[in-house]
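Reviewing the structure listed below.
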Amino acid sequence: MTSRKINTVLFGMTVAAGLIFLASCSVLKVHPDTYEPRLESLARHTEAPEWFQDAKIGIYFHWGVYSVPAFGSEWYPRHMYIKDNPEYKHHVQEYGDPREFGYPDFVPLFKAEHFNADEWALLFKKAGARFAGPVAEHHDGFSMWDSQVTPWNAADMGPGRDISGELAKAIRRQGMRFITTFHHARNNLWESAPGKWVGHYEYVKKDFPTLLEDEKRAILYGYMPREKFVKMWKNKLIEVIDSYQPDIMWFDSWLDEIPETDRFEYIAYYLNQAQKRNQEVVIVRKQNDLPLEFSVLDHEKSRMSRASKQVWMTDDTISTGSWCYTKNLQIKPARDVIHALADTVSKNGIVLLNISPKADGTIPEDQRKVLLELGDWLNQNGEAIYSTRPWITYGEGPTKEPEGGFSEHEKFLNLKYSAKDIRYTCSKDGKAVYAICLGWPDGPLHLQAVCVAKELPDAQIQLLGSPQKVDFKVNPDKTLTILPPQLDKTQRPCQYAYAFKLTGFLLEAGPYQWANGIKLNANRAVLEGTQLRLEEQNERTNIGYWNDPYDCAHWLLRIPEAGIYKIQGEFAAVEDHARYILKSDGQEILFDVPNTKNWYKSQKTDIGSMRFTKPGVYHIILSTENPEKHILINVWQITFLNHIQ
């Protein structure tokens with residue numbers, strides 16, 4: 001089994017409920033040799049260096065040739081060739097038949113005449129971003145840099161400028177790191193099986209095949225043999241690495257369609273070049289497109305529902321619709337962007353916020369306004385965001401984020417938080433906890449997720465950005481109540497969310513954390529053995545590949561109060577009679593895992609119950625009952641439900 005990296009720091013606070021949360025921190029790895037294009041070698045890379053964990057927010061932008069029609073979305077290049085699609089009908093009405101005016105004919109209209117890289121970089125800096133950069137190439141096949149690999153690039157066509165080069169210099173002049181994102185794995189138009197053409201422009205082949213007769217335009221459409229395209233895919237990445245040395249390279253879906261050999265060769269090249277420059281770089285991907293041993297997981301337009309030991313990212317856009325600029329694009333209020341940021345950071349996540357510039361290189365005023373409001377909020381509350389780590393629990397309150405990732409993105413879009421929703425972060429040294437209230441509390445703020453184990457003589461609470469004294473009281477049940485100052489809207493330090501800094505307390509997680517069960521999630525397990533490992537499916541993490549019957553999974557569980565706890569598990573299996581044992585504190589429970597007939601269709605099942613005679617930390621072990629009759633299972637979580645006296 002490939003050893004998993006567990007770089008952890010335990011906050012200097014007592015944990016009273018749930019699994020002890022160990023926040024990952026950067027540990028510099030020694031690289032005695034160059035990286036080789038194989039998992040064991042690439043896994044030496046630290047996937048989330050400390051600067052990345054500290055950054056918390058970056059900005060990128062969907063801006064390119066697809067910004068010219070400003071209709072539908074950034075998928076206009078594909079949809080304009082689908083005859084039943086609104087984009088096709090719009091295109092015929094505005095520009096004529098695609099045979100006469102195809103997508104390549106938009107390129108000369110993409111002039112970017114008002115683009116100013118320094119002005120953009122300054123705006124991103126004012127917005128609070130710690131890294132920024134362009135969509136280097138989207139599915140459309142047009143490169144936003146000075147490329148020798150493809151003639152379809154911004155330096156030779158359209159703007160006639162090295163957009164990525166100008167941005168790299170301007171962004172770094174503002175002290176930010178540089179990110180480039182890549183979506184071009186989808187671009188290839190090829191015959192994946194006899195008679196089956198796939199790719200972003202498959203409808204060009206289906207209904208407008210004569211457009212592919214022009215050899216130069218065929219390159220933009222990705223119309224070439226698979227081997228040639230894969231080579232071009234990789235050479236474009238190498239060109240960007242050599243020319244601009246990006247600190248982060250981010251990949252959209254369909255990366256898994258590139259052969260693993262080529263993916264690993266690119267990554268080895270990137271890491272070796274970075275190592276020569278003593279540059280700590282980050283690779284971000286979606287789904288299962290690269291191993292998590294050396295990459296960071298991204299959730300599109302969605303967030304994790306709980307804190308994760310591993311750093312993750314969410315890419316979301318400033319609008320409620322298209323990623324690129326379109327006419328009448330609706331922009332989110334700054335409140336929603338700030339609330340999503342606080343929720344993400346509390347769960348060990350990083351925000352990659354997209355904006356949508358116009359084709360002429362201007363950023364619309366409504367988007368600028370939101371960015372500047374975000375920056376103003378971070379100027380007051382950045383201490384509770386930047387360089388923090390997750391606390392024992394991510395938060396409390398009635399508003400819950402849905403499971404399911406991108407499939408639930410409409411639900412994420414419609415989430416509305418209130419002053420009853422609180423998100424927690426912690427300083428890296430563990431001396432300060434920040435309670436970020438997602439609305440102004442009109443009265444006493446009772447922190448249900450916090451218990452005070454000890455109040456030190458210097459204990460105090462501050463409202464970030466305000467000189468006003470903040471009173472508090474420790475209740476008989478050890479919970480903490482904040483008594484905010486009476487401030488009207490004009491007196492408050494900011495809008496939308498308010499960060500209270502707690503210092504001088506030894507804090508525990510309060511009973512709120514176990515009222516609905518203590519969840520031991522897959523990504524918090526320590527896996528022992530030769531085969532067992534974590535995998536991602538439908539943007540959820542499970543323990544899988546239980547091929548070796550002698551493998552087992554371990555967790556640490558903190559029991560807050562003595563009693564009998566009912567235990568449930570969430571599993572999947574494709575055979576009957578999968579029998580497993582759960583062990584702890586001299587107790588064993590033998591149980592059957594139901595046959596769900598699908599590895600990724602999980603089912604919750606009762607395991608049994610255990611008695612814990614006193615509060616404390618307990619070791620939980622899950623293993624197969626009989627190695628000789630071993631049946632594979634997938635595991636999502638073990639839950640210890642409300643205790644019984």
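Only the coordinates and a few stated rules stand behind these numbers; no lab work does. The structure displayed is predicted, hence computed values, not measured ones. For neighbour counting, all protein chains shown are included, and Cβ atoms are generated from backbone atoms with ideal geometry for every residue, glycine included.
Table for the structure above
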read-out: About the Cα centre, charge dipole magnitude for the stretch 450-606 (Lys/Arg +1, Asp/Glu -1 at Cβ), debye; value: 660
read-out: Set of lysines with alpha-carbon distance to K604 below 18 Å, sequence-local pairs under 8 removed; value: K519, K566
read-out: FRET efficiency, 1/(1 + (r/R0)^6) with R0 30 Å, evaluated for N272 and K231 via beta carbons; value: 0.95
read-out: Rounded FRET efficiency, nearest 0.05, which uses the C-beta distance separating L641 from K614 and R0 of 30 Å; value: 0.95
read-out: Lys, Arg +1 and Asp, Glu -1 on Cβ, resulting dipole of the stretch 563-605 about Cα centre, debye, nearest 20; value: 160
read-out: Prolate/oblate/rounded call for the chain, Cα gyration tensor, a/c under 1.5 rounded; value: oblate
read-out: Burial order of peptide ranges 149-158, 86-95 (average beta-carbon count within 10 Å, highest first); value: 149-158, 86-95
read-out: Cβ-based net charge around D84, under 14 Å, with every Lys or Arg adding one and every Asp or Glu removing one; value: +2
read-out: Cα long-axis angle, helix 260-276 against the chain (0 to 90 degrees, to the nearest 10); value: 80
read-out: Scattering profile of the stretch 109-198 at q = 0.11, 0.13, 0.17, 0.26 Å⁻¹ [log10 I(q)/I(0), Debye over alpha-carbon scatterers]; value: -0.38, -0.51, -0.76, -1.26
read-out: Stretch gain in nm, segment K597-S418, where the contour uses 0.36 nm per residue and the Cα spacing is subtracted; value: 60.3 nm
read-out: The chain: calculated mean residue ellipticity at 222 nm from DSSP helix runs of at least 4, using -39500 (n - 2.57); value: -5500 deg cm²/dmol
read-out: Above-threshold pairs, the threshold being 18 Å between Cα atoms, out of K428/K501; K400/K597; K126/K369; K309/K614; value: K400/K597; K309/K614
read-out: Cα-based radius of gyration of the stretch 479-635 once divided by 2.2 N^0.38 Å, which approximates compact folds; value: 1.38
read-out: Size of charge dipole - the chain - debye, nearest 20, with Cβ of Lys, Arg +1 and Asp, Glu -1, no other charges; value: 1520
read-out: Ratio Rg/Rh, restricted to the stretch 128-248 and using Cα atoms, in which Rh is the Kirkwood radius; value: 1.04
read-out: Net charge contributed by nearby residues that have their C-beta within less than 15 Å of K431 (K/R +1, D/E -1); value: 0
read-out: Local electrostatic count, K478, Cβ distance below 13 Å [Lys/Arg +1, Asp/Glu -1]; value: -2
